[in-house]
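The values are calculated or read from the model by the stated rules, or taken from the named source; none is laboratory data. Keep in mind that what you see is a predicted model, and the values were worked out from it rather than measured. Glycine also receives a Cβ, built like all others from the backbone with ideal geometry; neighbour counts cover every protein chain displayed.
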Amino acid sequence: MARIPLLQMSGISLTFGGDPIFSDLDLVVQPGDRVALVGRNGSGKSTLMKVMADLVEADAGSIVIPPGNSVGYMEQDPKMEGFATLGDFAASELEPGELYRVERAGEGLKFDPARPVETASGGERRRAALAKLMAEAPELMLLDEPTNHLDIEAISWLESELASTRAAFVLISHDRAFLRALTRATLWVDRGQVRRQDKGFEHFEAWRDKIWEEEDMQRHKLNRLIKSESRWAVEGISARRKRNMGRVRALQDLKSERAGQIKRQGAAAMDLEAGPKSGRKVIEAEGLSKGFGDKQILSGFSLTVQRGERVAFVGPNGVGKTTLLKMLLGEEAPDEGSVKLGTNLEVAVFDQTRDQLDGNASLWENLTADPLMGISGKADQVMVRGQPKHVVGYLKEFLFDERQVRAPVRSLSGGEKARLLLAKLMARSSNMLVLDEPTNDLDVETLDLLQELLDGYDGTVLLVSHDRDFLDRVATTTVAMEGQGNATAYAGGWSDYLAQRAPAEVVEKAEKPKATKSKAKAEAQASKDLLSFKEKHRLEALPAEIDRLEQEIAKLEQLMADPELFTREPVKFQKATEALVQRQEKLAAAEEEWLVLEEKAGG
């Protein structure tokens with residue numbers, strides 16, 4: 001049965017700075033679509049999403065959104081002028097009776113709606129923008145890196161919400177586990193072309209590699225044909241006085257075809273070089289305790305880190321991961337306990353806040369400046385692990401174009417800023433890396449390369465991340481910080497931590513008294529008493545009404561799927577369209593009413 005698209009793009013073309021981003025692009029998003037939007041950093045993913053959201057105007061083409069449908073976009077840098085609090089911003093498009101949605105999203109995403117806008121961090125603003133989108137519940141949600149600045153608990157909440165939503169969504173994310181769990185189709189932006197596969201992200205890399213393999217085969221065949229024809233053109237001059245000019249023109253066409261092919265962007269030429277070996281025992285922490293007022297960060301925590309280990313620190317935002325890192329590095333003193341650092345340590349730090357980058361300075365200046373050493377950032381060369389390299393050449397290794405090196409860092413995308421920070425980090429030798437959320441904004445290929453580099457790194461790694469897939473790939477030890485001073489070290493990555501932690505949870509649940517069940521039953525019965533008689537009756541009747549409306553909508557969609565209906569019976573087509581919109585509105589209202597009554601019944 002044909003469905004009416006939520007969004008249809010036809011012949012979209014867009015050019016930035018003389019370079020085509022998209023050319024003659026056609027794209028359809030259907031109801032219920034769950035789409036991963038993937039591609040290299042700088043390929044145009046976010047730009048395409050902004051075109052879909054009507055925030056960037058295409059040079060050519062059209063976008064159609066049928067009546068009754070709405071498209072919502074999660075802003076990366078939301079404008080909050082005129083709003084006193086984050087909650088005011090998130091609820092700005094809602095009716096008074098819908099404000100509970102913001103509170104619910106605030107709990108799941110862990111942001112305070114009462115937080116003043118002027119004191120809110122960038123991460124809090126992004127969470128408010130995400131809560132705004134989730135609360136408004138449009139038919140199509142456009143989500144650009146929604147998991148950035150979320151801890152694993154909030155990511156799990158968002159994953160559950162998106163898994164159960166009836167809305168369609170298009171999703172950009174670096175989080176492989178998130179993409180695998182949610183998506184059923186994949187849009188791949190690659191060198192100005194957008195390909196679609198009706199399979200989720202789990203199948204993307206095999207699909208990509210197959211296409212690249214076919215490309216390489218075709219290029220190889222083309223090169224062989226050009227070589228053969230070029231030999232004929234040269235040798236044919238002495239063999240014949242008159243050449244076949246048609247064949248010569250065909251050779252020129254082949255060369256033009258090869259010249260017109262856009263070369264794939266290679267992987268960044270990243271490299272990590274461990275400095276002189278540290279001592280075998282890198283960190284020895286005994287009985288660490290730390291608190292701030294009534295909040296206990298650690299209580300009696302001990303940890304020994306050996307050379308070559310990759311130790312990941314996980315837990316909710318604000319639980320104290322950064323504080324623990326600072327104590328282990330000797331930058332902050334514990335209230336109790338001691339930390340002994342090993343010998344000959346050379347530490348390099350990747351900071352998730354990008355504080356090491358000056359947004360107003362150029363890439364060139366950021367790479368060469370060293371305020372602590374009094375170096376201004378005007379040098380032509382940068383020292384890369386003890387060897388001088390030209391700034392432009394080194395930046396090209398990290399996939400920066402020569403035209404970008406003099407541009408201000410603030411003009412870079414999130415992924416490009418991460419690559420620049422990695423370039424600074426990898427220019428120096430080290431034997432201990434401290435990586436705070438290194439995966440944010442990086443594309444799949446760069447993440448793969450970073451993981452390989454960490455696998456081959458001879459030094460020690462301390463890692464803070466909420467990317468479950470990356471933790472599984474990299475960590476040899478996981479320190480779980482669960483609040484109230486509790487921190488426990490587990491062998492392995494995220495999945496290993498869950499497997500080791502699960503038995504204790506099962507035992508704890510089994511030991512709860514059976515009276516708990518009867519208590520829960522009594523509470524459930526009491527919650528139903530919160531509804532009036534009329535509300536109880538309405539709550540019981542709504543499921544049948546929703547089912548009836550869904551059946552009527554399906555019949556109307558089937559009727560309108562006839563491609564000849566509009567020209568054959570235009571009046572009937574118009575009436576069917578109006579009836580479909582009315583029933584979709586009634587269905588949305590019925591579902592909303594059911595949610596409100598169900599929430600009230602649940603206390």
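Would you tally the residues in the range 282-307 being in contact with a strand residue (DSSP E or B) (Cβ under 7 Å, 6 or more places away or on another chain) and either among the aliphatic types (A, V, I, L, M) or modelled with pLDDT under 90 (or both)? Show your work before the answer.
Residues of the range 282-307 that are in contact with a strand residue (DSSP E or B) (Cβ under 7 Å, 6 or more places away or on another chain), as a first pass: 282-291, 297-307.
Add one more test, that the residue is either among the aliphatic types (A, V, I, L, M) or modelled with pLDDT under 90 (or both), and what stays is 282-283, 285, 288, 297-298, 303, 305.
Qualifying residue count, the range 282-307: 8.
Give me the residue from the range 471-498 that is in a helix (DSSP H, G or I) and in contact (Cβ under 8 Å) with a residue 60 or more places away in the chain and, out of that set, farthest from P146 (Cα to Cα). Break it down into steps so the answer makes sense when it comes.
Step one: list which residues in the range 471-498 are in a helix (DSSP H, G or I), which gives 471-474, 494-498.
Right, trim to in contact (Cβ under 8 Å) with a residue 60 or more places away in the chain and you get 471, 474, 494, 497.
Numbers: L471: 19, V474: 23, W494: 20, Y497: 25 Å.
Restricting to residues being in a helix (DSSP H, G or I) and in contact (Cβ under 8 Å) with a residue 60 or more places away in the chain, the top hit is Y497.
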- Message: For a quick check of your reading of the model, give me the residue pairs whose first member lies in the range 307-333 and is without any contact (Cβ under 8 Å) to a residue 60 or more places away in the chain, whose second is surrounded by fewer than 16 Cβ atoms within 10 Å (Cβ to Cβ) and of a type in the set (A, V, I, L, M), with beta-carbon atoms closer than 9 Å and at least 6 apart or on different chains.
- Response: M327/A333
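Taking S121, is it out of contact with any Cys (no Cβ under 7 Å at 6 or more places or on another chain) and without any contact (Cβ under 8 Å) to a residue 12 or more places away in the chain?
Values: out of contact with any Cys (no Cβ under 7 Å at 6 or more places or on another chain): yes; without any contact (Cβ under 8 Å) to a residue 12 or more places away in the chain: yes.
The answer is yes for S121.
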- Does A590 qualify as being in a helix (DSSP H, G or I), surrounded by 12 or more Cβ atoms within 10 Å (Cβ to Cβ) and not assigned by TED's automatic domain parsing to the domain that holds A167? yes
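Out of all the residues in the range 149-169, is one or more β-branched (V, I, T), closer than 24 Å to D54 by Cα, within 16 Å of the chain's Cα centre (by Cα) and surrounded by 14 or more Cβ atoms within 10 Å (Cβ to Cβ)?
no
Does at least one position in the range 48-57 carry a residue that is assigned to a strand (DSSP E or B) and over 30 Å from E578 (Cα atoms)?
Just the residues of the range 48-57 that are assigned to a strand (DSSP E or B), to begin with: none.
Checked against the condition, which is being assigned to a strand (DSSP E or B) and over 30 Å from E578 (Cα atoms), the range 48-57 yields no hits at all.
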- Query: Which number in (1) in contact (Cβ under 8 Å) with a residue 40 or more places away in the chain; (2) surrounded by fewer than 20 Cβ atoms within 10 Å (Cβ to Cβ); (3) out of contact with any Asp or Glu (no Cβ under 6 Å at 6 or more places or on another chain) marks the one condition that P116 misses?
  - Reply: (1)
- Determine, yes or no, whether S13 is at pLDDT 90 or above, surrounded by 15 or more Cβ atoms within 10 Å (Cβ to Cβ), in a strand (DSSP E or B) and of a type in the set (S, T, N, Q). yes
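Just need a number here: residues in the range 334-352 that are free of Cβ contacts under 8 Å to residues at least 60 places away in the same chain and either assigned to a loop (DSSP other than H, G, I, E, B) or closer than 19 Å to A418 by Cβ (or both).
Here is the first cut: in the range 334-352, the residues free of Cβ contacts under 8 Å to residues at least 60 places away in the same chain are 334-341.
When the remaining residues are screened for being either assigned to a loop (DSSP other than H, G, I, E, B) or closer than 19 Å to A418 by Cβ (or both), the result is 334-335.
Selection size over the range 334-352: 2.
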- Would you call L150 out of contact with any Gly (no Cβ under 8 Å at 6 or more places or on another chain) and modelled with pLDDT under 90? yes
- Item | A163, sole failed condition from (1) in contact (Cβ under 8 Å) with a residue 40 or more places away in the chain; (2) outside any strand (DSSP E or B); (3) among the aliphatic types (A, V, I, L, M) | (1)
- Message: For the range 553-586, which positions are farther than 18 Å from P5 by Cα and modelled with pLDDT of 80 or more?
- Response: K586
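Can you confirm whether V444 is assigned by TED's automatic domain parsing to the domain that holds P388 and modelled with pLDDT under 90? Don't jump to the end; show me each part of the working.
Numbers: assigned by TED's automatic domain parsing to the domain that holds P388: no; modelled with pLDDT under 90: yes.
For V444, the condition - assigned by TED's automatic domain parsing to the domain that holds P388 and modelled with pLDDT under 90 - is not met.
Go through R410, R406 for me and flag whichever is surrounded by fewer than 19 Cβ atoms within 10 Å (Cβ to Cβ) and assigned to a loop (DSSP other than H, G, I, E, B).
Working: R410 fails: assigned to a loop (DSSP other than H, G, I, E, B).
So the residue among R410, R406 that is surrounded by fewer than 19 Cβ atoms within 10 Å (Cβ to Cβ) and assigned to a loop (DSSP other than H, G, I, E, B) is R406.
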- Query: Can you find a residue in the range 551-562 that is in contact (Cβ under 8 Å) with a residue 12 or more places away in the chain and touching an Asp or Glu at 6+ places or on another chain (Cβ under 8 Å)?
  - Reply: no
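For the range 289-301, does any single residue satisfy the condition of being of a type outside the set (F, W, Y), under 30 Å from G414 (Cα atoms) and exposed (fewer than 15 other Cβ atoms within 10 Å of the Cβ)? Don't jump to the end; show me each part of the working.
In the first step, residues of the range 289-301 are kept if they are of a type outside the set (F, W, Y); the result is 289-291, 293-300.
Next, from what is left, pick out any that are under 30 Å from G414 (Cα atoms): none.
Checking the range 289-301: not a single residue is of a type outside the set (F, W, Y), under 30 Å from G414 (Cα atoms) and exposed (fewer than 15 other Cβ atoms within 10 Å of the Cβ).
In a helix (DSSP H, G or I), in the same structural domain as K295 (by TED's automatic domain parsing) and modelled with pLDDT of 75 or more - does that describe any residue in the range 532-552?
Residues of the range 532-552 that are in a helix (DSSP H, G or I), as a first pass: 533-552.
This time we only want the ones that are in the same structural domain as K295 (by TED's automatic domain parsing), so: none.
No, the range 532-552 contains no residue that is in a helix (DSSP H, G or I), in the same structural domain as K295 (by TED's automatic domain parsing) and modelled with pLDDT of 75 or more.
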- Message: Tell me the residue from M80, M49, M74 that is surrounded by 15 or more Cβ atoms within 10 Å (Cβ to Cβ), closer than 16 Å to V194 by Cα and in the same structural domain as S121 (by TED's automatic domain parsing), please.
- Response: M49
- Message: Just to check your reading of the model, which residue among L454, L463 is farther than 24 Å from G123 by Cβ and of a type outside the set (D, E, K, R)?
- Response: L454
